[in-house]
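> Quick one: this structure, given as structure tokens, is what I'll be asking you about.
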Amino acid sequence: MSSPWHDTAIRLFEEDPALGVTLLRDVLGITLKPGQRVVTDKTVFNTRPSKELVPDTVILVGSGGQLSHGIVVEAQREATERKRRQLPRYAAALRLQHECPVDVLVLCPDAATAEWYAKPIPTTVPGFTFLPRALHPRSVPAITDSEQAAASPSLAVLSVAYHGDDPAVARAFVDGMGKLGVERGLQYFEYGYRMSPEATCQLLEDLMSTAGAWPVYSPFAKKHFGEGRLEGRLEGRLDAEREAVLDVLVARDLAPSDGDRQRVLDCTDFDQLKAWLRKAVTVATVSDLFT
């Protein structure tokens, strides 16, 4: 089931696919060719006559017929055997499509879940055991320098999500996002806030309540900082997401009923709209969107 943590984690890689390369190469020690073009790819694998496989995010390293690596990114909050069995299937499908080495990078909110996903996965192919690349929280650097946080905001989000109980990490994150300008800073602060545990969120709120330099877009911020301006910005983003969901359905000849359309237009949950938008690309009927 989709959640703010899951959707935010995936959004990081959709907006900054180079983060996948950074984590595999610099954090997990996987050899990748330097200087390659890095882009996201479609997230539907079809191995007909089998059913479609839909990973969270796909990143391609290289360009054209010279792809050097594929990365499947999965954000998993819980240890789920059904999802774990899908990981080698994702890798095999991407390998067949692009004929390049493939790794599956699994993000988890805590060490125990990461360790569970990091275990080798036996397959039905004799002699082949698949090894996921689960990102352990301790592998992510704890960024305590605001300049470094500003230079790598996506990595700073993961830093505060995993190490934000350290006041130095939380302070570097808040100060670093403040260096990005209001719009971009708001965006990444919200990402960090959504992916962090409750204790870290409280620390971030305490820091922001004394910072006074710029407002932030979070439940706390909407209550305490520039409420009118923030709500106006949020409503604009909500309108864009609502229109995108409806446009995708119409483009796929899945005309929503008046009731379906109104349900989308009445939605004020940004994460729900993002989830609907992702589903709108593959659902067979409009009713499937809401199940």
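> Treating cross-link reach as a plain straight distance, find the aspartates and glutamates whose alpha-carbon is under 12 Å from the alpha-carbon of residue 119, omitting any fewer than eight places away in the same chain.
Residue 119 reaches 81.
> While we're on this one: How far, in nm, would the chain grow between residue 95 and residue 124 when pulled straight, counting 0.36 nm per residue and subtracting the alpha carbon separation?
8.7 nm
> Once amide H atoms are built 1.01 Å from N in the peptide plane, which residues 5 or more positions from residue 40, or in another chain, come under 5 Å H to H?
Answer set, sorted by chain and number: 60.
> Counting Lys and Arg as +1 and Asp and Glu as -1, each charge on the Cβ, what is the dipole of region 98-184 about the Cα centre in debye, to the nearest 20?
Around 100 debye, computed over region 98-184.
> Using 1/(1 + (r/R0)^6) with R0 = 25 angstrom and r between the beta carbons of residue 15 and residue 268, what's the FRET efficiency to the nearest 0.05?
The formula returns an efficiency of 0.65 here.
> Also, quick follow-up: Please compute the Kirkwood hydrodynamic radius over region 82-165, one decimal place, Å, based on all pairs of different Cα atoms.
14.6
> Sticking with this one: Considering amide H positions built from the backbone, and no H for Pro or chain starts, which residues 5 or more places from residue 134, or on another chain, come under 5 Å of its amide H?
106
> Now, a different point. Sequence-distant or interchain residues sharing an amide H contact under 5 Å with residue 57, placed H: which?
73
Throughout, read-outs are computed from the coordinates displayed, never taken from laboratory work. The structure presented is a predicted model; accordingly, all values stated were derived computationally and were not measured. Every residue, glycine among them, receives a Cβ derived from its backbone with ideal geometry; neighbour counts consider all protein chains shown.
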